[in-house]
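First comes the structure, then the notes that go with it.
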Amino acid sequence: LRFLTAGESHGKGLVAILEGMPAGIDVYEKELLSELSRRRKGYGRGKRANIEDDEFEIISGVSNGKTTGAPIAVVLKNKDYENWKGKYVPIFSPRPGHADYPGALKYGFKDARPVAERASARETAARVACGYFAKKLLEKAGVRVVSWVISIGEIFANLPSEEERMKDEKTAFYLFELAEKSEVRCPDLTASQKMKEIIDEAREKGDTLGGVFEVAAVNAPAGLGSFVHWDRRLDARLSTAVMSIPGIKGVEIGLGFKVANLFGSKAQDIIGGEKRLTNNAGGIEGGMSNGEMIFLRAAMKPIPTLQNPLPSVDLRTMEKTLAHAERSDVCAVGSAAVVAESMVALVLADALLEERGGSRW
Ligand code: EPS
C-alpha cells in the first residue's frame, strides 16, 4: 500500500492517490466527509477552517460503493483559492520554527511563499482521505484506530492511569467517545474547558500552543511488521509516519522514554497467558505487534506563525526585521491527532496486507 499527495495550501486543491488497496472494501462518501471534518474542526483552528468544507470527488478506484483494486484518486477542493486567486503575498521574513527558512536556503529562494504553500498542514487533508480507506480495510479485520488529546500547553487532562490507557480496550473506546465530544478532542471535559481558555489567552497575545495526543489501535492482530530487517519493524514504520505530520517533534511507543528508568523486571510485560497483565511495550516487541493494543503518544510543537511575530531577517538583505505574520491556527493538536489516526491506519493496513495479501477482501 502506498500513497502520494499533491497540492498547495492556497492552490486549486489537493490530490491524493492511494495504490495497493484490494477490491471489495465498502466506501461511503458520508463517512469520508465526516473524517475530513473531524480533522478540520476544533477549538484553536483559524478562520480558514470555516472557509473550507473539504468538498471532494473520488475520481477512480471505487465503483458501486466498493473499491475495485485500481489506484484510488481523490480530489479535494480549496475553497479559499477563489480569495487568493490573482493575489500574491511574498514571505521575505521567515517564521522561526517554520519550513520557511530552511526551505528558502534549500531552494535558493528569497521569497519563502512557495515553501510555505506546500509545507502547510493543509496537505494533511489528503492524508486523511487516504487514511479513510485504510481504516475501512482495518475495519474488515476488526481493527479500530482511535485518538485523544492529553495536554495542550501546560494544561494536562485528568485521565485513567497511563497503565490502564495503554492496556484496556474499553478505556480506549471510552476516552475516544469523550474526546469526540470535546472541541479540543480531550476526554477530560473539565480540562477541555481550561484548554479552550489557554487557547483564548494565546490568541489574545498573538501566540500559539502545542500539546500531546495518544493513538491506540485496538484489536490489532499479532505478527504485523517484522524483526528481520530495520525497515520492516512496525514501531519504526509507525513513528516515521507520525513524525512526518507537520509540527510533530516526538513519538513514544507504549511507556516510551519512561521505560528507560525502570528495572528490566518492571519494564517487561510478563507472559502468563494469551494476554499480558501490562502493556508497557505499547503492543510491539521486536518490531512486531504482539496482540496487545498498539499504543503511541506524540508531541506537537506550537504553530510557528505568530500574530505577535518573533525576530527574523529579510531574506533579500539579511537585515533584522520581524517574522512574517498571516492568518493561521492558534492550536491544532486535536486535528494532528486525527491525522495521526490516518497515518497509523495506513501503516497498519500496509502491514496487514503484507501478512494476509489478496486482491479482494
Ligand atoms: C496552515 C495555515 C492555516 C491553516 C491551514 C494550515 O491556513 P491559512 O494560512 O490559509 O489561514 O488553517 O490548514 C488548513 C487550511 C487545513 O485544512 O488544515 C499552515 O500554514 O500550515
For this session: Hey, can you tell me all the residues within region 13-62 that are surrounded by 15 or more Cβ atoms within 10 Å (Cβ to Cβ), in a loop (DSSP other than H, G, I, E, B) and within 16 Å of the ligand (Cβ to nearest atom)?
Result: Lys41, Gly42, Tyr43, Gly44, Arg45, Gly46, Glu52, Asp54
Problem set entry | Selected residue (only one of Lys135, Lys140, Lys66 is at negative phi and in contact with a Phe, Trp or Tyr (Cβ under 8 Å, 6 or more places away or on another chain)) | Lys140
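Residue-by-condition table, conditions (1) closer than 17 Å to Val333 by Cα; (2) in contact with a helix residue (DSSP H, G or I) (Cβ under 6 Å, 6 or more places away or on another chain):
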| residue | (1), (2) |
| --- | --- |
| Thr171 | no, yes |
| Leu189 | yes, no |
| Lys194 | yes, no |
| Glu197 | yes, no |
| Asp207 | yes, no |
| Gly225 | no, yes |
| Arg233 | no, no |
For this session: Give the number of residues within region 295-315 that are closer than 24 Å to Gly334 by Cα and away from the ligand (no atom under 16 Å from the Cβ).
Result: 6
Exercise. Take the residues of region 317-361 that are free of Cβ contacts under 8 Å to residues at least 12 places away in the same chain and assigned to a loop (DSSP other than H, G, I, E, B): which is farthest from the ligand (Cβ to nearest atom)?
Worked result: Gly357
Seminar exercise, completed: Filtering region 160-183 down to residues that are farther than 9 Å from Glu214 by Cβ, touching a Pro at 6+ places or on another chain (Cβ under 7 Å) and either touching a residue at least 24 places away in the same chain (Cβ under 8 Å) or surrounded by 22 or more Cβ atoms within 10 Å (Cβ to Cβ) (or both) yields Leu178, Ala179
Exercise. Has region 80-92 got at least one residue that is within 13 Å of the ligand (Cβ to nearest atom), charged (D, E, K, R) and in a helix (DSSP H, G or I)?
Worked result: yes
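Readers should treat all values here as calculations from the given coordinates under stated rules, not as data from a laboratory. Since the structure is predicted, the reported quantities are computational estimates derived from the model, not experimental observations. Note that each Cβ is placed from the backbone with ideal geometry, even for glycine, and that neighbours are counted across all protein chains shown.
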